[in-house]
1. Which residue pairs have Cβ atoms closer than 6 Å, lie 6 or more positions apart in sequence or on different chains, and pair a first residue in the range 229-243 that is acidic (Asp, Glu) with a second residue that is open to solvent by 20 Å² or more (accessible area, probe 1.4 Å)?
2. Filter the range 142-151 down to the residues that are touching a strand residue (DSSP E or B) at 6+ places or on another chain (Cβ under 7 Å) and open to solvent by 10 Å² or more (accessible area, probe 1.4 Å) and list them by number.
3. Please tell me if LEU116 is open to solvent by 10 Å² or more (accessible area, probe 1.4 Å) and under 14 Å from ALA56 (Cα atoms).
4. Any residue at all in the range 179-189 that's out of contact with any strand residue (DSSP E or B) (no Cβ under 8 Å at 6 or more places or on another chain) and more than 16 Å from the ligand (Cβ to nearest atom)?
5. Have a look at ILE128, ILE156 and point out the one that is β-branched (Val, Ile, Thr) and farther than 24 Å from GLU42 by Cβ.
6. Would you check which residues across the range 83-112 are open to solvent by 50 Å² or more (accessible area, probe 1.4 Å), within 16 Å of the ligand (Cβ to nearest atom) and either assigned to a loop (DSSP other than H, G, I, E, B) or among the β-branched types (Val, Ile, Thr) (or both) and list them?
7. Can TYR28 be described as among the hydroxyl-bearing types (Ser, Thr, Tyr), out of contact with any strand residue (DSSP E or B) (no Cβ under 7 Å at 6 or more places or on another chain) and open to solvent by 10 Å² or more (accessible area, probe 1.4 Å)?
8. Which of the residues spanning the range 41-55 are over 16 Å from GLU282 (Cα atoms) and within 7 Å of the ligand (Cβ to nearest atom)?
Amino acid sequence: MNDFKSIEFVDDKLIILDQTKLPLEEEYIVTDNLERIAQSIERLEIRGAPAIGITAAYGLSLYLKNKNENIQEEFDFAFNRLAETRPTAVNLFWALHLMKTTFEESIDKTNLYEILLKRAKEIHQDDIDKCEGMAQNGLKIFEKKSRVLTHCNTGILATGGNGTALAVIKRAFENGLVSHVHADETRPLLQGSRLTAFELEKAGIPFSINTDSSAAYLMQHDKVDLVITGADRIAKNGDAANKIGTYNLAVLCNYHNIPFYIAAPTSTIDKECADGGKIKIEQRNKKEITHINNHAITKEKYDVSSPAFDVTPNKLITAIITEESIHYPPYDF
Ligand code: MRU
């Protein structure tokens with residue numbers, strides 16, 4: 001039973017399920033404030049490529065509510081603030097640019113806020129539909145009842161709908177095609193052990209959490225039939241940026257002859273980006289590595305490297321599932 005949503009828009013307020021507190025506490029952020037919305041993206045209170053884009057679209061609309069002067073400057077201010085929150089997920093920029101087009105077409109209208117809000121709601125609904133399309137198309141990759149390994153969180157929490165990779169897994173489970181899910185814990189922010197586990201529990205799917213470094217062990221001991229992850233930005237040639245550690249999995253799959261799939265909506269495909277080398281990789285705050293829940297686990301003075309994403313080369317990806325179809329190599333989006 002899905003009794004939770006990552007984002008809801010109610011009575012001119014955005015309601016965000018605070019993902020930094022899950023799964024131990026289910027708390028909501030209720031706001032119409034642009035800065036608070038931008039911070040919620042930066043702090044990963046809301047995260048996941050499609051969910052970030054939807055949040056930004058609502059945030060932009062809300063900022064323009066009751067603004068009657070210097071509309072262009074106000075729009076640019078909000079657009080730029082939201083665009084600087086996270087650099088890698090292209091869905092953020094995709095959604096912001098759709099909003100910009102609507103804004104430019106309607107700048108002189110007296111009901112500008114209503115028009116922008118309608119557009120944001122359409123972007124939200126479109127993602128719900130895309131999730132459904134991926135789940136349905138993804139069924140075709142299952143040749144037998146499978147043990148699936150996944151990374152990060154790609155479900156309801158990461159999208160406006162049922163998810164990308166996790167929606168495929170859930171639909172396959174409902175069809176008797178998944179027996180067990182291995183959830184990579186996903187260091188450093190533990191999207192797997194906190195968020196994917198939360199969603200799998202809610203969906204009643206048998207699962208176990210493993211440290212990221214155990215994935216090779218699980219594959220070596222024949223515990224994994226296939227791997228499926230999401231993506232934050234897919235280049236024209238199919239190279240795909242996703243949560244740090246995804247590339248490790250793709251290399252391991254290649255060695256162990258295990259299929260490695262990506263599920264992502266077409267809004268994650270950046271046709272302007274020729275290959276993965278051109279994708280900007282977000283670097284996170286070192287404290288996310290040296291601390292867990294504000295508790296130091298090593299000396300703060302130590303130097304840290306913390307890329308939030310890595311890029312999996314197209315040749316390691318068995319297929320990319322979108323809401324349109326299943327794409328096989330050679331990729332040319
Ligand atoms: O840093 P996050 O938690 O926003 O990273 C999210 C991921 O890497 C997901 O796999 C990706 O956004 C696809 S989810 C639909």
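The values are calculated or read from the model by the stated rules, or taken from the named source; none is laboratory data. Given the structure is predicted, the values throughout are model-derived calculations rather than measurements. A quick note on method: Cβ atoms are made from the backbone with ideal geometry, for glycine too, and the neighbour counts reach across all protein chains shown. These area figures cover heavy atoms from the full protein model, side chains too; ligands, DNA and RNA do not enter into them. Shrake-Rupley method; radii C 1.70, N 1.55, O 1.52, S 1.80 Å.
1. Going by the 6 Å Cβ cut-off, the qualifying pairs are ASP239/ASP275; ASP239/VAL311; ASP239/PRO313; ASP239/ASN314.
2. Within the range 142-151, LYS145, ARG147 qualify.
3. Values: open to solvent by 10 Å² or more (accessible area, probe 1.4 Å): no; under 14 Å from ALA56 (Cα atoms): yes.
The answer is no for LEU116.
4. no
5. Values: ILE156 fails: farther than 24 Å from GLU42 by Cβ.
After applying the criteria, what remains is ILE128.
6. Listed by number, the list holds a single entry, GLU84.
7. Numbers: among the hydroxyl-bearing types (Ser, Thr, Tyr): yes; out of contact with any strand residue (DSSP E or B) (no Cβ under 7 Å at 6 or more places or on another chain): no; open to solvent by 10 Å² or more (accessible area, probe 1.4 Å): yes.
The answer is no for TYR28.
8. PRO50
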